[in-house]
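What follows is a single structure, written as structure tokens, with notes after it.
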DNA sequence: AGTTGTGAATGTGTTCACAGCC
DNA sequence: GGCTGTGAACACATTCACAACT
């Protein structure tokens, strides 16, 4: 409605390809685990296995960051942890607000992995006056009326929308107007945002539908269509590997 | 450990590109909304706007399904809803189990959008004996001990893992052994599965880190690095549009 | 010998732009 | 005139395979 335009592309990631950026958190997680086990170095092969990618891809990814490895040896774990953290901007503190404290919002607020890596739940916001003041995950819920003030007072630039679909665009507009420039949207709606604002979405039902598609394929090997809807003709060269790996994100359980 | 290999690619999506499959649910959602408003036809331009993509992409996507439009007119809404539903396998019933009924598992169980589109929560499973029997979203929680029986009795092929990270691989192994071939993983871990099993992951912390990366970029226009870590040289031709659109998924709030 | 870093090749996805049909 | 469907061009991503370095 308001904006007309659809999702904005946002500043082009310096030299680092978007696909690589999406994998850095994965590497970081694997490296952190190694670090906790006091492993000093890893080879691309080992780290790739831990992160669930292949080693050529990992080396290529790291090459965009610089030459942080040692030939014949591998990568220094601590050093890489630092470099990736810095690249991702995790060496600074990111106050985050969560809007919509229903089941999901509460789950997100309780998610431990938040604080661990640069993110801090600065506030929880909900439209229900009955929620106001009630603590969720130790943080008192505040009313939507104060949204703008909360954003400004806390210098929040990242917002998480966990409201029902119907409220999402309105909440989004207010967040953006108040200065939020990155939004993680859990509501099943397309959000319209102005240029310069990043939106990422997390959508359970889309994921399930994609799984269903592949599941159906597995079942019906030769399943001929009953109606005469023309089947796609060209089938490309070979199958190759694609995998359902995309560049999705992950939530933490309670 | 067990499998050694990482994520499996799974059966190659007939002729339909993976990127297209990931967008079909988006189109379907927009079409369903139009259908509810009794709109008979849409142009690629209108539908694309509603789905948040550009019209060329949409037309290309639809071309993989067949020629379902009418030149000079557009697409018949009802017909497209049916075709996409069929393509995604939503004309059949998909029983789903959710394992790990913490905050997040409960949120997922309460998610309304489930039933609406072919998916049905067949069972909720948790390792905590104290949870057993307690109803969540009207469905009694069952104990992990019965996981295999539940999967088999209900003919479940899609499982949702919402356990803590530490339990995820083990749960995954049991789901797969019991016959599950598609898994939606909310735990922040890489799951190892045998060939033929699809895994999709939803990871909050990865999403936030990707946002932080772009956010950092927005802030430091000219931010010179303090240390001498070599900046990437080549910067490619133009910026173009990429957008944080990837092919993520979405969860529904309470 | 072992492992990184990277050009080149290949594969996948997006966009353009227009012929073809209504 | 309007809108779809699609070949061709382009852009992005992955993989290969090996030279470069320790």
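Okay, here's what the table says:
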item	result
Relative contact order computed over segment A:18-88 (Cα-Cα under 8 Å; 6+ residues apart), in percent	41 percent
Per-residue average of Cβ from other chains inside 10 Å of B:180-187	5
Shielding score for A:82-90, defined as the mean number of other chain Cβ atoms within 10 Å	4
Relative exposure of A:99, A:53, B:180, judged by other C-beta atoms within 10 Å (fewest first)	A:53, B:180, A:99
Nearest-first distances (nm) between copies at residue A:92, label 7 Å from Cα via Cβ	5.1
Value of Rg to Rh for segment A:94-204 (Rh from inverse mean 1/r over Cα pairs, i.e. Kirkwood)	0.92
Which of B:153, A:126, B:198 has the fewest Cβ neighbours within 10 Å, and the rest in rising order	B:153, A:126, B:198
Rounded, prolate or oblate (a/c below 1.5 giving rounded, otherwise prolate when a/b exceeds b/c) for segment B:18-87 by Cα gyration tensor	rounded
Extension reserve of the residue A:38-residue A:143 stretch, reckoned as 0.36 nm per residue once the Cα distance is removed	33.3 nm
Relative contact order, percent, segment A:94-204 [alpha-carbon distance under 8 Å, six or more residues apart]	25 percent
Rounded Å value of the spacing that divides the Cα centres of segment A:188-223 and segment A:85-104	23 Å
Distances in nm from residue B:154 to the matching label points in the other copies, shortest first (labels 7 Å along Cα to Cβ)	3.6
Label distances, nm, residue B:220 versus same residue in remaining copies, Cβ-directed 7 Å point	5.2
Cα centroid separation, segment A:13-43 to segment B:63-84 (Å)	43 Å
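Only the coordinates and a few stated rules stand behind these numbers; no lab work does. This is a predicted model, so every value here is computed, not measured. Note: ideal-geometry Cβ built from the backbone for every residue, glycine included; neighbour counts use all protein chains shown.
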